[in-house]
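The values are calculated or read from the model by the stated rules, or taken from the named source; none is laboratory data. Just so you know, these numbers come straight off a predicted model, no measurement behind them. We place every Cβ from the backbone using ideal geometry, glycine too, and count neighbours over all the protein chains shown.
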Amino acid sequence: MQPNIERNYEAAKQQYARHGIDVDKALEKLATIKISMHCWQGDDVRGFLNRDQELSGGIAVTGNYPGAARTPAELRADLEKAFSLIPGKHKVNLHAIYADTDEKVEWDQLAPRHFQTWVDWAKSQGLGLDFNPTCFSHDKASEGFTLSHPNPEIRRFWIDHCKASRKIGAYFGEQLGQTCVTNVWVPDGYKDIPVDRMAPRQRLKDSLDEIFVEELNPAHHLDAVESKVFGLGSEAYVVGSHEFYMGYGISNNKLICLDAGHFHPTEVISNKLSALALFTDGILLHVSRPMRWDSDHVVILDDELLDIGRELIRHDLLGTTHIGLDFFDASINRVAAWVIGTRNTIKALLRAMLEPVETLKKAELEGDYTTRLALSEEFKSYPFGAVWDYYCEKLGVPVREEWLAEVKKYEQDVLLKRSGA
């Protein structure tokens, strides 16, 4: 431990202790929180099944920074580098298109064996795995509809794909001893105003009912459903709206996924957590940064991220909330994007842990809004950075911007040597 880091930490501890905040205890709690880091930042959502298929479903990745992963082995190497710069042990979120297999397999026939190398790797790294069916970038999704498609044969294909994905997720959980969350998102919708808004939603509900009919061990696997307000090609109408999935999730005991970019521009997911928590057994978060709606920018330590952290800590929601990331930026170093976004998400949780929550709640309950505002503002300049530096040093990852030099070296030694980089 560097003497200055430990000295600054001890001084910070004393300042926080004056308000009854046990910093050591906060760091112990922080070390138990797992962030599910999304694999698709590493290769621009291309995957390894049908790599030549055009990205669809209203998803767009911009930029051409060199060094995108081209194989599962390269992607795992990039993930390892990122995790070596992030404090704690976490999870990786896989999409079905990231199967690691030489077998020519259609998506509705995917099975755990097609992901065995991922499971073996996760075991060796001490990581968990989450999963998602991939209901886009496929010929059978070219008309903009999947689980709500009016053609029963196409609908059957996607139902079977989602069923297969649940079994893969359950296998992950069983093998790794960490519950896998399998999240269903579909891009279904119309570009222009529809006449019939009900029928597609009825078909989506029927499809989901069939997908979820098999009970899976909740110790190994949990289901989630994810909404969207609109997308490219579905500007007028999205079948799986927030209201649809909120109703479905509550009625069917499924996790409701709140994606930070999937709402109207003035909406924030932090304000939804306390409401949903009263009626659900759990929530899935996709932490992203919507600069212009769902633009999926790398997560920064902005007000909304801090508020998400505060809501989770102030209402003791960590035990029932699964925190995942969802952004993709090909204009910057992809490993750096992971590191920045994940470290910031952890920082937001730590910041929230280092606030005098009980004092603030007491002042609010007594109508002392002056104290509430004064303390909230003063704590913004408390020595959080000293605590974060200590945490990183203690867990053996670079302190502050020191990690950037390692990423730059990895770029020179590995990323730029990839063909076409």
Being of a type outside the set (S, T, N, Q), under 16 Å from the mean Cα position of the chain (by Cα) and over 24 Å from LEU27 (Cα atoms): is that true of ASP259 here? yes
Which residue pairs have Cβ atoms closer than 6 Å, lie 6 or more positions apart in sequence or on different chains, and pair a first residue in the range 6-34 that is more than 21 Å from THR359 (Cα to Cα) with a second residue that is among the basic types (Lys, Arg)? LYS34/LYS91
Quick check on my filter: what residues within the range 234-246 are surrounded by fewer than 14 Cβ atoms within 10 Å (Cβ to Cβ) and of a type in the set (Gly, Ala, Ser)? ALA236
Got at least one residue in the range 360-382 being touching a residue at least 60 places away in the same chain (Cβ under 8 Å), of a type in the set (Phe, Trp, Tyr) and over 20 Å from GLN15 (Cα atoms)? no
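Yes or no, residue by residue, for (1) assigned to a loop (DSSP other than H, G, I, E, B); (2) loosely packed, with under 15 Cβ neighbours inside 10 Å; (3) among the aliphatic types (A, V, I, L, M); (4) modelled with pLDDT of 95 or more:
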| position | (1), (2), (3), (4) |
| --- | --- |
| ASN8 | no, no, no, yes |
| ALA12 | no, no, yes, yes |
| TYR16 | no, no, no, yes |
| ILE21 | yes, no, yes, yes |
| GLU28 | no, yes, no, yes |
| THR32 | yes, yes, no, yes |
| MET37 | no, no, yes, yes |
| PHE48 | yes, no, no, no |
| ASP52 | yes, yes, no, no |
Considering residues of the range 197-209 that are crowded, with 19+ Cβ neighbours inside 10 Å and among the aliphatic types (A, V, I, L, M) only, the residue farthest from LEU127 (Cα to Cα): LEU204
Please tell me if LEU176 is under 30 Å from GLN116 (Cα atoms) and in contact with a strand residue (DSSP E or B) (Cβ under 9 Å, 6 or more places away or on another chain). yes
ALA363 passes all but one of (1) exposed (fewer than 15 other Cβ atoms within 10 Å of the Cβ); (2) over 25 Å from the mean Cα position of the chain (by Cα); (3) not hydroxyl-bearing (Ser, Thr, Tyr); which number fails? (1)
State all residues of the range 117-157 that are in contact with a helix residue (DSSP H, G or I) (Cβ under 6 Å, 6 or more places away or on another chain), of a type in the set (Ser, Thr, Tyr) and either part of a helix (DSSP H, G or I) or closer than 18 Å to ALA96 by Cβ (or both); if no residue qualifies, say none. THR134, THR146
Could you list, in sequence order, the residues of the range 247-271 that are on the phi > 0 side of the Ramachandran plot and surrounded by 19 or more Cβ atoms within 10 Å (Cβ to Cβ)? none
State yes or no: is THR342 out of contact with any Ser or Thr (no Cβ under 6 Å at 6 or more places or on another chain), polar (S, T, N, Q), within 22 Å of HIS90 (Cβ to Cβ) and in a helix (DSSP H, G or I)? yes
When every residue in the range 190-209 that is within 26 Å of the chain's Cα centre (by Cα) and free of Cβ contacts under 8 Å to residues at least 60 places away in the same chain is compared, the one farthest from VAL225 (Cα to Cα) is ARG201
If the Cβ limit is 8 Å and pairs must be 6+ apart or interchain, which residue in the range 291-315 that is closer than 21 Å to ALA330 by Cβ and touching a residue at least 60 places away in the same chain (Cβ under 8 Å) pairs with which residue that is among the basic types (Lys, Arg) and part of a helix (DSSP H, G or I)? none
Could you go through the range 158-165 and let me know if any residue there is more than 26 Å from the chain's Cα centre (by Cα) and either assigned to a helix (DSSP H, G or I) or buried (at least 21 other Cβ atoms within 10 Å of the Cβ) (or both). no
What are the pairs with Cβ atoms under 9 angstrom where one residue, in the range 71-92, is crowded, with 22+ Cβ neighbours inside 10 Å and the other, located anywhere, is charged (D, E, K, R) and in a strand (DSSP E or B)? Sequence gap at least six, or different chains. LYS91/ASP130; VAL92/ASP130
Does VAL298 satisfy the condition of being in contact with an Asp or Glu (Cβ under 6 Å, 6 or more places away or on another chain) and surrounded by fewer than 20 Cβ atoms within 10 Å (Cβ to Cβ)? no
Output the number of residues of the range 210-226 satisfying the condition of being more than 15 Å from GLY173 (Cβ to Cβ) and surrounded by 12 or more Cβ atoms within 10 Å (Cβ to Cβ). 5
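Residue by residue, here is whether (1) in a loop (DSSP other than H, G, I, E, B); (2) of a type in the set (Gly, Ala, Ser); (3) more than 25 Å from ARG46 (Cα to Cα) holds:
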{"residue": "GLY324", "(1), (2), (3)": "no, yes, no"}
{"residue": "ALA330", "(1), (2), (3)": "yes, yes, no"}
{"residue": "ALA336", "(1), (2), (3)": "no, yes, no"}
{"residue": "THR359", "(1), (2), (3)": "no, no, yes"}
{"residue": "GLU406", "(1), (2), (3)": "no, no, yes"}
When residues of the range 180-196 are filtered for being more than 21 Å from THR134 (Cβ to Cβ) and surrounded by 14 or more Cβ atoms within 10 Å (Cβ to Cβ), how many remain? 3
Among (1) in a helix (DSSP H, G or I); (2) hydroxyl-bearing (Ser, Thr, Tyr); (3) under 19 Å from the mean Cα position of the chain (by Cα), where does THR182 come up short? (1)
How many residues does the range 93-128 hold that are under 30 Å from GLU28 (Cα atoms) and in contact with a Lys or Arg (Cβ under 9 Å, 6 or more places away or on another chain)? 7
